[in-house]
Amino acid sequence: MIIDFHTHIFPAEIRNRREVYFAAEPEFELLYRSPKSKMIGAAEMVAMMDREGVDKSVAFGFPWQKLDTCRRHNDYVLESVTRFPDRLIGFGCLNPLAKTAANEALRCIDSGMAGIGELAFYRSGLDARVLDSLEPIMQLCLQKNLPVMIHVNEPLGREYPGKSPNSLGQIYALAQRFSRNKLVLAHWGGGIFLYMLLKKEVKETLANVYYDTAASPFLYHLDIFALAVRLAGIAKILFGSDFPLISPSTYFSELNQTGLTREQLACIQGLNAKNLLGL
């Protein structure tokens, strides 16, 4: 079974009139002002999955600042999962800095969402205020034994839309504070797992952390797969395409060049996600 752990879907009202949301949502404008930034709906997602041999996809929306937009987008994800129950797995997406964030997280979970994410802080990084805002959501997901996906990225190198100002220290502080949670750090966790080479503390702190491969073809050489297997462990790597940013077939092509075994590829492409989600 192939499971894509990182995809985005948007309702038609947002796809067709994206510019209406820019004034109140600067993060959304940052990522989607360019017409080249694609947005798709659930039917298009499933059609892509059929073409590319993906069995299931974890789908989520955007961390909107406005509660009404956030709720409507989460409702769309829930409706999409109901429409395609054997293909789509919904995560509730929200802005943890909003006063009603915990209530929206609970609503999503009670409605059948399989986790919370992708939570992103494109302008602030993971500062102390952000970590405090995550506390009630993390506690809720810990009680429900559900994963939480956080957008993080490498703190070095070139700039691009959506690259947050997080530091490695901030990513590590996140993992320390919520060490009992099942954390999925998007985009290879910004490379934090490389510090498992340290002799003390880091392995224990990152014990419950998973890493998805979203945007890997844009960001990393193929060596990242072998290094992640060696340092983080094969069970902690989740195939995520970030579709419609990049198609799954691009990842499959790269994975076939990594030299990983068939069993290792099966873990990355679906078995790990199946276990994490309890499917």
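The values are calculated or read from the model by the stated rules, or taken from the named source; none is laboratory data. Keep in mind that this is a model prediction, so the values were computed, not measured. In this analysis, Cβ positions are derived from the backbone assuming ideal geometry, glycine residues included, and neighbour counts consider all displayed protein chains.
Of the residues in region 138-149, at least one is closer than 24 Å to Phe252 by Cα and of a type outside the set (S, T, N, Q).
Considering only residues of region 171-210 that are of a type in the set (D, E, K, R) and assigned to a loop (DSSP other than H, G, I, E, B), which is surrounded by the most Cβ atoms within 10 Å (Cβ to Cβ)? This residue is Lys182. The set of residues in region 131-159 that are within 17 Å of the chain's Cα centre (by Cα), part of a loop (DSSP other than H, G, I, E, B) and of a type in the set (A, V, I, L, M, F, W, C) comprises Leu146, Val152.
Give the residues of region 34-59 that are under 15 Å from Pro85 (Cα atoms), part of a helix (DSSP H, G or I) and of a type in the set (A, V, I, L, M), sorted by residue number. The answer is Ala42, Ala43, Met45, Val46, Ala47, Met49. Residues in region 41-54 that are of a type outside the set (Lys, Arg), out of contact with any helix residue (DSSP H, G or I) (no Cβ under 7 Å at 6 or more places or on another chain) and surrounded by fewer than 17 Cβ atoms within 10 Å (Cβ to Cβ): Ala43, Glu44, Ala47, Asp50, Gly53. Looking only at residues that are without any contact (Cβ under 8 Å) to a residue 40 or more places away in the chain and assigned to a helix (DSSP H, G or I) in region 23-33, which one is surrounded by the most Cβ atoms within 10 Å (Cβ to Cβ)? Across region 23-33, the extreme among qualifying residues is Tyr32. The requirement of being more than 18 Å from the chain's Cα centre (by Cα) and part of a helix (DSSP H, G or I) is fulfilled nowhere in region 84-100; no residue meets it. In this entry, Gly53 is excluded by the filter for residues that are within 30 Å of Leu126 (Cα to Cα) and not aromatic (Phe, Trp, Tyr).
When Glu19 is tested against (1) at pLDDT 95 or above; (2) more than 21 Å from Lys274 (Cα to Cα); (3) part of a loop (DSSP other than H, G, I, E, B); (4) not aromatic (Phe, Trp, Tyr), exactly one condition is not met: (3). Just wondering, is there one or more residues in region 216-238 that are assigned to a loop (DSSP other than H, G, I, E, B), of a type in the set (Gly, Ala, Ser) and closer than 15 Å to Val54 by Cβ? No, there is no match, as no residue in region 216-238 is assigned to a loop (DSSP other than H, G, I, E, B), of a type in the set (Gly, Ala, Ser) and closer than 15 Å to Val54 by Cβ.
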